[in-house]
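Here's the structure, in C-alpha cells; my notes come after.
The values are calculated or read from the model by the stated rules, or taken from the named source; none is laboratory data. Keep in mind that this is a model prediction, so the values were computed, not measured. So basically every Cβ, Gly included, is an ideal-geometry build from the backbone, and we count neighbours across all protein chains shown.
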Amino acid sequence: MSVPHGVEPHSLTLAPRLNWLRAGVLGANDGIVSIAALVVGVAAATNETLPVVIAGTAGIIAGSLSMALGEYVSVSSQRDSEAALIERERQELKDFPEAELQELAELYEAKGLSPATAMTVATELTSNDALAAHLEAELGIDELQLTNPWHAAVSSALSFLAGAALPMLAITLAEESIRIPLTFAASLVALGLTGGIGAYLGHSPLLRPVIRVMTGGALALAVTWGIGLLLGGEVAL
C-alpha cells in the first residue's frame, strides 16, 4: 500500500520567499523590543504622557528609517555582487564554452550522476539556457529572482512599524496606573507570537525560540524600566 506523498513546493523561489518572511518577523520583533523598551523607560521616569509620546514617535521614525537604510545598503551590496558574478559567468561562457560545458557536467557528476548522464544533462541545459544553468548549478543564483533593495527597504520599514505600533498604543492609550504593566504584557505576548512564527518558518521546535525571545524582551524592558526609575528619581531630587 502506497503512502500519499502530498504536495511539496519545489520552486527555486520558495527559499527567497521564506527569507523575506523571516526578515519581516525579525523586523517586527525589533520594533516591539526597541519601542517598548524606550517608552517603558520614559514612562518610568515621568507620569506625563507627552514625553512618552514624543520619545516613542521619535523612536519609531528613527528605527524604521534605520532599518530601511540598513536593509537597502545590505541588499544593494548583495545585488551588486550577484550582478558581478553573473557578468563574469556570461563572459566565461562566451570565451570558454567547451570548458564551461565540462565544468557543468562535472558539477552534476559530483551530485551523483554517471559521467555520461551528467554530460547529457549539461548539454541539454546548455542548449536551452547556458547562463541560467551555470548560475543555478555553480552559484545558486536565479537571474530573474535577484532581490530588489527598494522592496527590502520598504518591507523592513513596514515590519518595524507594525511591531512598534503595539507597545506605542498600549503605553499611550492605557490609564497611567496600568500603562507600564500593560505594555510589558502586550509586548511579551507579541514577542512570543513573533518567536513562534519565526520558529515555524524555520521548521524548528516552537518552545525554545518563544522562551528565548520573550526572555530577551523581558530583560530589555526591565533594564530600561529600572533606568527610567533611577533617572526619574534623580530628576525629582
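Identify, from the list Ala162, Ala185, Ala222, Ala157, the residue that is assigned to a helix (DSSP H, G or I) and either closer than 30 Å to Glu82 by Cα or touching a Pro at 6+ places or on another chain (Cβ under 6 Å) (or both).
Of the residues listed, the single one that is assigned to a helix (DSSP H, G or I) and either closer than 30 Å to Glu82 by Cα or touching a Pro at 6+ places or on another chain (Cβ under 6 Å) (or both) is Ala157.
Since Ala152 meets every condition but one in (1) over 30 Å from Thr57 (Cα atoms); (2) touching an Asp or Glu at 6+ places or on another chain (Cβ under 6 Å), which condition does it not meet?
Single failed check for Ala152: (1).
Quick check, is Ala99 at pLDDT below 90 and of a type in the set (A, V, I, L, M, F, W, C)?
No: the conditions fail for Ala99.
Checking the condition of a type outside the set (D, E, K, R), farther than 24 Å from Gly202 by Cβ and at pLDDT below 95, which residue from Ala28, Ala44 passes?
Residue meeting the stated conditions: Ala44.
If Thr147 passes every condition in (1) touching a residue at least 12 places away in the same chain (Cβ under 8 Å); (2) in contact with a helix residue (DSSP H, G or I) (Cβ under 7 Å, 6 or more places away or on another chain); (3) in a helix (DSSP H, G or I) but one, which one does it miss?
The failed condition is (3).
Residue-by-condition table, conditions (1) on the phi < 0 side of the Ramachandran plot; (2) basic (Lys, Arg); (3) within 28 Å of the chain's Cα centre (by Cα):
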{"residue": "Leu125", "(1), (2), (3)": "yes, no, no"}
{"residue": "Ala137", "(1), (2), (3)": "yes, no, yes"}
{"residue": "Leu144", "(1), (2), (3)": "yes, no, yes"}
{"residue": "Pro149", "(1), (2), (3)": "yes, no, yes"}
{"residue": "Ser156", "(1), (2), (3)": "yes, no, yes"}
{"residue": "Met168", "(1), (2), (3)": "yes, no, yes"}
{"residue": "Glu175", "(1), (2), (3)": "yes, no, no"}
{"residue": "Arg212", "(1), (2), (3)": "yes, yes, yes"}
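For the subset of region 105-123 comprising residues that are in a helix (DSSP H, G or I) and of a type in the set (Gly, Ala, Ser), which member is nearest to the chain's Cα centre (by Cα)?
Ala110
Of (1) more than 28 Å from Val52 (Cβ to Cβ); (2) surrounded by fewer than 15 Cβ atoms within 10 Å (Cβ to Cβ), Pro181 satisfies all except one. Which?
(1)
Every residue in region 184-210 that is of a type in the set (Phe, Trp, Tyr) and within 17 Å of the chain's Cα centre (by Cα), please.
The one that is of a type in the set (Phe, Trp, Tyr) and within 17 Å of the chain's Cα centre (by Cα): Tyr200.
Restricting the search to region 61-98, which residues are touching a Ser or Thr at 6+ places or on another chain (Cβ under 7 Å) and either within 12 Å of Ser156 (Cα to Cα) or not in a helix (DSSP H, G or I) (or both)?
Gly63, Met67, Ala68, Glu71, Val75
Kindly evaluate Glu103 against the criterion of being over 28 Å from Asp30 (Cα atoms) and surrounded by fewer than 17 Cβ atoms within 10 Å (Cβ to Cβ).
So Glu103 passes the test.
Starting from region 58-76, keep only residues that are surrounded by fewer than 19 Cβ atoms within 10 Å (Cβ to Cβ), then list their pairs with residues that are of a type in the set (Lys, Arg) whose Cβ atoms are within a distance under 8 Å, requiring at least 6 positions of separation or different chains.
Taking only residues 6 or more apart or on different chains, not a single pair turns up.
Do you know which of the residues in region 190-204 that are of a type outside the set (Gly, Ala, Ser) and touching a helix residue (DSSP H, G or I) at 6+ places or on another chain (Cβ under 7 Å) is modelled with the highest pLDDT?
Among them, the one singled out is Leu191.
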